[in-house]
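Notes follow once the structure below has been shown.
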């Protein structure tokens, strides 16, 4: 791997050869061709079948079984192509293949239309007969969700048309955003006057710098870049939200949140209970930010301070080798199987981590159900925030590993539960580092700052995204939203959620543009599941802290069930807790009280004078 300036198109750290020997090679070509043929054949068969009734049960079992066999193959090809496109947006062949995959995914979506059609008018007796089929054992939850989805579908011809139009409509806007953000660069002016032209993917780590003036410069430089493409990005956001609203209306969906709730697998009562708890406990995450402001010697935080670490002197950078060793050691101490898994993914090179031009911003974990492997995408800039990203994405990969032997229909966990495993991984890492006997007071304060700081993000920043997106859909229903209105909406929402702990005039009016999550077309409201998963993971971790290793089999059972039941039922079965009660969520939020108190006690003794570290 060359330096930043020497990186050639196609450079990457991970080994993708277990997917295919080479991109565009004979094996990949044959795989894609066969998959397309099998999809078309199964679509034709499903389209010709009458709806599910007691006389067609056996035929629908065969179709559903064949579809389940196709699913891992499609995930395999999607994962491979998306890995390449994210790793280097400068390679046109990758982007072209990603666009071609949209066509194949549209064929899969049209097959799904026919699967759902089978349930739309089926009787209870016919559906029960399907559930009782031995071939469907373990897939009952998936089938129930298909039947529920069938209640809000257009007729077959309209759904097929919608799937075709999505390729060059809804999904195309998402791909445009990915390409634009992958190629976007910004001017970084450092406090000493030095200038750099950097990929936007490196902005996040700069906004986590201990030097406030560096954070501010990255914030302003990045927003200047987003301002330059604001009209294009606003067009994408309007198109994505507008398309969804039209489809919701045609499908008889009463409220835009109904789709998000279905995708997340939870009921409105559970969502309301979580936000009621959060509203009642808002002072706790705001206290975290007030402490952050005091450590910087400022009256209130700016938006670019949300990810700011404690301004400790002599902060060391974390080389990749040291970072991976820390993650592995912390995981091994608390959860040996997880530590062993980290060793495996490092040895097999499942992570693309180095910064380079053309790389998409953000991080994700993807995987192939066919070869039962995961890949982690991130940009490592030697910060503790990046270390947490590594632990977070490894949690996702471990979740897939635990579920690897289940049938594909039982491996489809909603985002609410998928985000639990990832934040659980973060908490194990932080706890492991805090328990290190060699840790100094300053290092302990730094880790407590990370733990509480993440709490502020999940309990304030994520709700900002949720409240903004609600407002977006409410206003978009009345017409297109201008760039200036999008900016105003974002500022208003940040002020509403953070209150006076956010310094007036330091909001981020372009957060709607820079946050990738608003442009993910496969999932709507890609925000509240993070808070859900964070708080649920704190509940899980509290049990681990009390019961120790004895809890780990129950935790793995929790992970295995995530594609087989609702989050509410899984929590009752494995934890004995009620997610529809605000009591659970209040307890999870209040678990931040102790680390915050420890940090409040430690901070004054380990920090330099505020004026030395809060340069504006």
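Any read-out appearing in this document is the output of simple, stated calculations on the displayed coordinates, not a laboratory observation. Please read these numbers as outputs of a predicted model, since none were measured by experiment. We place every Cβ from the backbone using ideal geometry, glycine too, and count neighbours over all the protein chains shown.
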The chain, Kirkwood Rh and Cα Rg, ratio Rg/Rh at 0.95
Rounded tilt (10° steps) of 441-456 against the dominant C-alpha axis of the chain: 40 degrees
For the residues 464, 61, what sequence is obtained by ranking on other C-beta atoms within 10 Å, fewest first? 61, 464
Over the chain, what is the percentage of antiparallel beta bridges among all DSSP beta bridges, to the nearest 5? 75 percent
For the range 89-156 and the range 199-214, what is the centre-to-centre distance using only Cα atoms, to the nearest Å? 42 Å
As a test of the formula, what do you get for the chain when each DSSP H run with n ≥ 4 contributes -39,500 (n - 2.57) and the sum is divided by the residue count, at 222 nm and rounded to the nearest 500 deg cm²/dmol? -20500 deg cm²/dmol
Return one number: the angle in degrees, 0 to 90 and rounded to the nearest 10, between the long axis of the Cα atoms of helix 26-48 and the longest principal axis of the Cα atoms of the chain. 50 degrees
Prolate/oblate/rounded call for the range 357-507, Cα gyration tensor, a/c under 1.5 rounded: oblate
I'd like the distance separating the alpha-carbon centroids of the range 25-74 and the range 396-428, in whole Å. 26 Å
Histogram of C-alpha separations across the range 12-168, 10 Å bin width, %: 10, 35, 29, 19, 7, 0
Cα-Cα separations in the range 246-335 greater than 16 Å, expressed as whole percent: 75 percent
Give the order of 594, 159 when sorted by the count of other beta carbons within 10 angstrom, beginning with the fewest. 594, 159
Going from the fewest other Cβ atoms within 10 Å to the most, one would list 255, 401, 517 as 255, 517, 401
Please give the helix 483-498 orientation as an angle from the longest Cα principal axis of the chain, in degrees from 0 to 90, rounded to the nearest 10. 70 degrees
Distance from the range 482-548 to the range 219-258 (C-alpha centre basis), Å: 16 Å
